Amino acid sequence: MTGFASKTFVITAPSGERSSISINLKSLNSRFFEASIKLPMALTHLETVLLKQFKEMLRRGHIYFTCYLSNPNIFEGAVTPAMTIIDGYMKAMHQIKTQYNLSDNITLENILRLPNIFSKEEQHLDDASIQHILDSVTEVVHNVIKERATEGDALAIDLNNRVAAIHKEMHTITERAHIFVEEWKKKVHATLQEIGTDHNLLADAQKSGAYSMLDKIDIHEEITRLNNHLDQLIKHLSSDDIEKGKRLDFTLQELGREINTIASKCSDSIISSHAINVKVEIEKMREQIQNTV
């Protein structure tokens, strides 16, 4: 399910400089857990901690987390000369002057043009500031969970309405199946009356075919199983189990199998029409269930 939350707050670097931090967390529908985390260079060591937290609290979905600094320079330390590198340059230049008998003097301007002669040590936040960031992340995660729950409540209403629609269709199918079987029983009885007491091979084959047809068109067992699966579906929807998406998906698969069997066994046009309606509702429910945890 989807959700979005953000927060902005201020932190203070060891140098005393202050910067506002904006964190944004977005969750999109997905059958699996995937996370994209973008952090400032000085905070990249928090990525594994955040990834574990998102996995434990959000469980599923495409998770996008970004952290922006209004003043990215707060982590930059003092600039100092890289004396080891400068010494190397000076020795190399002295060697060049000696070997080629050059008389030019080396000036500060010459040295300043050389690459990598300055170093800048990056500062790290103190533990209190790090904890402030992590607490803020936890807060936005809870806000995303609340949004997901709101969407889940609306989804549950939609699913329950579709279950009610399937129950209505199955009631019609059950009534029609009884009528359909009774009609076939009359046809079989008429066939048996025509055959009479003949005991030749053709008559026996006709009798066997008539009884076999009655057995094939009887969908009472499939209707019973489908109704049981519907009861299980309602039970899962109302349960307090946090992770119920997989169970709902598997239950809908079983519903699909039973309604397919009903449609294939019973060649009645009325039953087929209502079976199609049930298939449509099941497919719409499966699309929705893919978005639940």
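Just to be sure I understand the filter: pairs with C-beta atoms under 8 Å, separated by 6 or more residues or on different chains, first member in segment 241-264 and touching a residue at least 24 places away in the same chain (Cβ under 8 Å), second member surrounded by fewer than 18 Cβ atoms within 10 Å (Cβ to Cβ) and not in a helix (DSSP H, G or I). Which pairs pass?
So the pair list comes out as I242/R59; I242/V293; E243/R59; E243/V293; K244/V293; G245/Q290; G245/V293; D249/Q290.
What are the residues in segment 4-44 that are among the aromatic types (F, W, Y) and within 22 Å of the chain's Cα centre (by Cα), if any?
Hits for segment 4-44 are F4, F32, F33.
Just the residues that are of a type in the set (G, A, S), part of a strand (DSSP E or B) and surrounded by 14 or more Cβ atoms within 10 Å (Cβ to Cβ), please, taken from segment 7-21.
S19
Hey, can you tell me all the residues within segment 26-52 that are surrounded by fewer than 17 Cβ atoms within 10 Å (Cβ to Cβ) and in contact (Cβ under 8 Å) with a residue 40 or more places away in the chain?
Across segment 26-52, the qualifying residues are N29, R31, M41, V49.
Residues are listed down the side, and each one gets a yes or a no for (1) in contact (Cβ under 8 Å) with a residue 24 or more places away in the chain; (2) β-branched (V, I, T):
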{"position": "L102", "(1), (2)": "no, no"}
{"position": "I106", "(1), (2)": "no, yes"}
{"position": "E121", "(1), (2)": "yes, no"}
{"position": "D126", "(1), (2)": "yes, no"}
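Among I63, I74, which is the only one that is under 19 Å from A128 (Cα atoms), surrounded by 14 or more Cβ atoms within 10 Å (Cβ to Cβ) and out of contact with any Cys (no Cβ under 8 Å at 6 or more places or on another chain)?
I74
Across segment 1-24, what is the total count of residues that are closer than 27 Å to D249 by Cα and among the hydrophobic types (A, V, I, L, M, F, W, C)?
Count: 2.
Name every residue in segment 50-89 that is under 30 Å from G16 (Cα atoms) and assigned to a strand (DSSP E or B), in order of residue number.
Those that are under 30 Å from G16 (Cα atoms) and assigned to a strand (DSSP E or B): F65, T66, C67, Y68, L69, E76, G77, A78, V79, T80, P81.
Only one of these is of a type outside the set (D, E) and within 16 Å of E122 (Cβ to Cβ): L51, L69. Name it.
The conditions single out L69.
Computed from the coordinates by the stated procedures, all read-outs in this text should not be read as laboratory data. All values derive from a computational prediction rather than experimental measurement. Don't worry about glycine lacking a Cβ; one is built from the backbone with ideal geometry, like all the others, and counts go over all protein chains shown.
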